[in-house]
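Visitor: Encoded as structure tokens, here's the structure I'll be asking about.
The values are calculated or read from the model by the stated rules, or taken from the named source; none is laboratory data. Given the structure is predicted, the values throughout are model-derived calculations rather than measurements. Heads up, the Cβs are rebuilt from the backbone with ideal geometry, glycines too, and the neighbour counts pull from every protein chain shown. SASA here: full protein model, heavy atoms, side chains in, ligands and nucleic acids out. Shrake-Rupley method; radii C 1.70, N 1.55, O 1.52, S 1.80 Å.
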Amino acid sequence: MVQQYFKQAWRVLRENPVLSTITILGTALSIAMIMMLVMTDRVMHGNFAPENTRDRTLYVKSISVESKENGTNNSRLGLRTIKEVFLPLKTPEALYFYTGDRMGIRLPGGSTDVSMYVECTNGGNWRLFDYTFLAGRAFGEAEVKAADKVAVITDKAARQLFESDEVVGKSFILNGEEEFRVIGVVKQPSNLTNYANGSIWIPYTSTISLDVNDTSLTGSFQLVMLAKNKKDMAKIRAEVATAVEQFNTNDPNYALYFRGQPDTYKQSINRFSDIQDTQVKAYNRKQILLLLLFLLVPAINLSLMTTSRMKQRASEIGVRRTYGASTMNIANQVIWESLLYTVIGSMVGFVLSIGGFFMLRKILFKGYSVAGMQLSVSDLMRPEIFLSVIIFCLLLNLIASIVPAVRASRSNIINNLYEA
């Protein structure tokens, strides 16, 4: 029976090429927009090199400290908070804390500074992120403890500063007085990678611009923790909550609050200030509204086109009902015809979405550098993307065909035959 439905649907499609083409293209464009929305969201929140572990990392960007004398202070984390609350944690596989700013860089003997983003880190980023090393190596825990003046820089920074990619062993001057030696060069990440992106990385202990003995609870640091697996993320949150409670109990002068942190990656990049909670719910609402818009517009178009076809075939429906076709048979025929249009339109739309994504990514990610995006078609053509296409296809078909199917199956036989 299903095979017969498809044969009839294919015959109708070939008999009305103009109407069929308009219907298919309308569906294809809608599916393409939906899939581009899904793929853009995946790039913003999914795992992509060098941030291949977004789905099992937790982030702490800010802290609220209540003091009996000075009230509440909202800021980034201080080294004391990191050392007393986070470093003793047992569950994280790796822990990375950092602070960064634009600083003046010059070559030894030079007189002109080049402004570059310099990140002072404990070296945990080399374990969390999958950087592509073009030369040399990363600095390790021993060099951080020894406060060695070593640095890892990107190939882009190397060309800008030294006018060469072969810079391992060369030195530069930071802030006009500190000399650092380059020990590694990595490929420049895209700034779509919110935490792996940078230009120069140095041990946080190596620069005089930071006081490693500072006892302030607030400061300029942010922190990232890597879980062994997704299940451990809940354990890390519980361990952090226990550590914070213990600190607040033991310290009579201060109380720490993290406003729901540690965050997931999606929560973290939708937390826009130190005094606000994450805006991830607002982001999700916006995405849902866009999906509904892209889904309903072609559904209405497909429904109107289906209704138009049914009017043209009123006599056919009347004859079929005269010879005993049931209401269910008529409705099923309309639905399967609509499904054929939807399937073809979805396939065309999926191809358009892949091509459109790569052609329009500079527009989709306006304000971001896409040069370092390590994306391929295989990255985007994942099972969840295919599943999304199928779900949208079925929803579109159901929404678009239900009204015409009911009308056609309940139409008056005499009126249908009269229109013959």
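Visitor: Does region 13-27 hold any residues that are surrounded by fewer than 23 Cβ atoms within 10 Å (Cβ to Cβ), part of a helix (DSSP H, G or I) and in contact (Cβ under 8 Å) with a residue 24 or more places away in the chain, and which are they? Before the answer, list the steps.
Guide: First, the residues of region 13-27 that are surrounded by fewer than 23 Cβ atoms within 10 Å (Cβ to Cβ): 13-22, 25-26.
Add one more test, that the residue is part of a helix (DSSP H, G or I), and what stays is 13-15, 17-22, 25-26.
Hits for region 13-27 are L13, L19, S20, I22, L25, G26.
Residue-wise test of (1) in contact with a Lys or Arg (Cβ under 7 Å, 6 or more places away or on another chain); (2) at pLDDT 80 or above; (3) crowded, with 18+ Cβ neighbours inside 10 Å.
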position	(1), (2), (3)
E337	no, no, yes
T342	no, no, yes
S346	no, no, yes
F357	no, no, yes
R361	no, no, yes
G367	no, no, no
V370	yes, no, no
M373	no, no, yes
S378	no, no, no
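Visitor: Let me ask something additional. Would it be correct to say that L95 is in a strand (DSSP E or B) and open to solvent by less than 10 Å² (accessible area, probe 1.4 Å)?
Guide: Numbers: in a strand (DSSP E or B): yes; open to solvent by less than 10 Å² (accessible area, probe 1.4 Å): no.
Against the criterion (in a strand (DSSP E or B) and open to solvent by less than 10 Å² (accessible area, probe 1.4 Å)), L95 does not qualify.
Visitor: Taking region 268-291 on its own, how many of its residues are in contact (Cβ under 8 Å) with a residue 40 or more places away in the chain and crowded, with 17+ Cβ neighbours inside 10 Å?
Guide: The total comes to 4.
Visitor: Give the residue, chosen from M39, M35, that is assigned to a helix (DSSP H, G or I) and under 30 Å from G260 (Cα atoms).
Guide: Values: M35 fails: under 30 Å from G260 (Cα atoms).
Within the list M39, M35, the selection yields M39.
Visitor: Inside region 46-90, can you point out the residues that are of a type in the set (V, I, T) and either within 13 Å of Q222 (Cα to Cα) or crowded, with 17+ Cβ neighbours inside 10 Å (or both)? Working first, answer last.
Guide: Filtering region 46-90 down to residues of a type in the set (V, I, T) leaves 53, 57, 60, 63, 65, 72, 81-82, 85.
T53, T57, V60, I63, V65, T81, I82, V85 - these are the residues of region 46-90 that are of a type in the set (V, I, T) and either within 13 Å of Q222 (Cα to Cα) or crowded, with 17+ Cβ neighbours inside 10 Å (or both).
Visitor: Let me ask you something else. Of the numbered conditions (1) at pLDDT below 90; (2) assigned to a loop (DSSP other than H, G, I, E, B), N229 satisfies every one except a single condition; which is it?
Guide: (1)
Visitor: Suppose we filter A147, A158 for residues that are open to solvent by less than 60 Å² (accessible area, probe 1.4 Å), out of contact with any Gly (no Cβ under 7 Å at 6 or more places or on another chain) and part of a helix (DSSP H, G or I); which single one remains? Before you say what the answer is, go through the steps one by one.
Guide: Details: A147 fails: part of a helix (DSSP H, G or I).
Answer to the selection: A158.
Visitor: A49 fails exactly one of the following numbered conditions: (1) at pLDDT 90 or above; (2) aliphatic (A, V, I, L, M); (3) over 19 Å from G123 (Cβ atoms). What is the number of that condition?
Guide: Against the list (1) at pLDDT 90 or above; (2) aliphatic (A, V, I, L, M); (3) over 19 Å from G123 (Cβ atoms), A49 comes up short only on (1).
Visitor: Can you tell me how many residues in region 161-194 are small (G, A, S), in a loop (DSSP other than H, G, I, E, B) and open to solvent by less than 40 Å² (accessible area, probe 1.4 Å)? If you could, list the steps in order and put the result at the bottom.
Guide: Applying the first criterion (small (G, A, S)) to region 161-194 yields 164, 169, 171, 176, 184, 190.
Adding the requirement that they be in a loop (DSSP other than H, G, I, E, B) leaves 164, 169, 176, 190.
Then drop every residue that is not open to solvent by less than 40 Å² (accessible area, probe 1.4 Å), which leaves 164, 190.
Of the residues in region 161-194, 2 are small (G, A, S), in a loop (DSSP other than H, G, I, E, B) and open to solvent by less than 40 Å² (accessible area, probe 1.4 Å).
Visitor: Mind checking whether some residue in region 136-143 is closer than 19 Å to N197 by Cβ, open to solvent by less than 10 Å² (accessible area, probe 1.4 Å) and within 31 Å of the chain's Cα centre (by Cα)?
Guide: So far as region 136-143 goes, yes, one or more of its residues are closer than 19 Å to N197 by Cβ, open to solvent by less than 10 Å² (accessible area, probe 1.4 Å) and within 31 Å of the chain's Cα centre (by Cα).
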